[in-house]
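The values are calculated or read from the model by the stated rules, or taken from the named source; none is laboratory data. Computed from a prediction, not measured in an experiment: that's the story for all the values here. Note that each Cβ is placed from the backbone with ideal geometry, even for glycine, and that neighbours are counted across all protein chains shown. The accessibility values were calculated without ligands, DNA or RNA, using every heavy atom of the protein model including side chains. Shrake-Rupley method; radii C 1.70, N 1.55, O 1.52, S 1.80 Å.
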Amino acid sequence: MELLASRQAAAAAQPLVGEIVTLRAALQEAGTSLRDFADRLDISRSVVSDINSGRIDPATIPKRFARLGAAQIDRAMDWFESIVRSSREMAPTPAFKAKAAPTTGRQRTWEEAIRGSNMAEDRRSFWLSDED
């Protein structure tokens, strides 16, 4: 019985193969929100929201964010990185009469997102530094 419980707990900690998990869903499972997560990391909420919706190129997101983010929700860094890479939450789209659905624009880089944020200069410097 204990073996079954430990396997179920381990399975719950990892996303299922093929399952689409957003950053918002992962944070909700961990008992927090995008807003609270951003506040605890002292990063702009808009940056975290952009990661959740896939508007920031995941290849440009530094290990520092993955390490600190994973630590905030007490998860493995590899697991958190996979969530960040796959997060593509789409806002509900209104009905259009066009023949094709609207497309998303170009993803921003991490640096563009940080530089364009409303964070204080010292926080921008922290998030843009090469240190892990």
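Couple of notes before you dig in:
- Residue within the range 2-24 that is at pLDDT 90 or above and within 22 Å of Ser129 (Cβ to Cβ) present: no
- Annotation note: Cβ proximity below 7 Å between a residue of the range 109-125 that is touching a residue at least 60 places away in the same chain (Cβ under 8 Å) and within 12 Å of Val48 (Cα to Cα) and a residue that is open to solvent by less than 60 Å² (accessible area, probe 1.4 Å) and assigned to a loop (DSSP other than H, G, I, E, B) (sequence gap 6+ or interchain) occurs for Ser117/Ser44.
- Selection from the range 74-132 of residues that are of a type in the set (Lys, Arg), open to solvent by 100 Å² or more (accessible area, probe 1.4 Å) and modelled with pLDDT of 90 or more: Arg85, Arg115
- Long-range neighbours under 8 Å by Cβ, at least six apart or interchain, first residue aromatic (Phe, Trp, Tyr) within the range 52-80, second surrounded by fewer than 17 Cβ atoms within 10 Å (Cβ to Cβ): Trp79/Ala13; Trp79/Gln14
- Condition broken by Ala26, with the remaining ones in (1) at negative phi; (2) out of contact with any Ser or Thr (no Cβ under 7 Å at 6 or more places or on another chain); (3) surrounded by fewer than 17 Cβ atoms within 10 Å (Cβ to Cβ) satisfied: (3)
- Within the range 39-51, restricting attention to residues that are in a helix (DSSP H, G or I) and touching a residue at least 12 places away in the same chain (Cβ under 8 Å), the residue that is surrounded by the fewest Cβ atoms within 10 Å (Cβ to Cβ) is Arg40.
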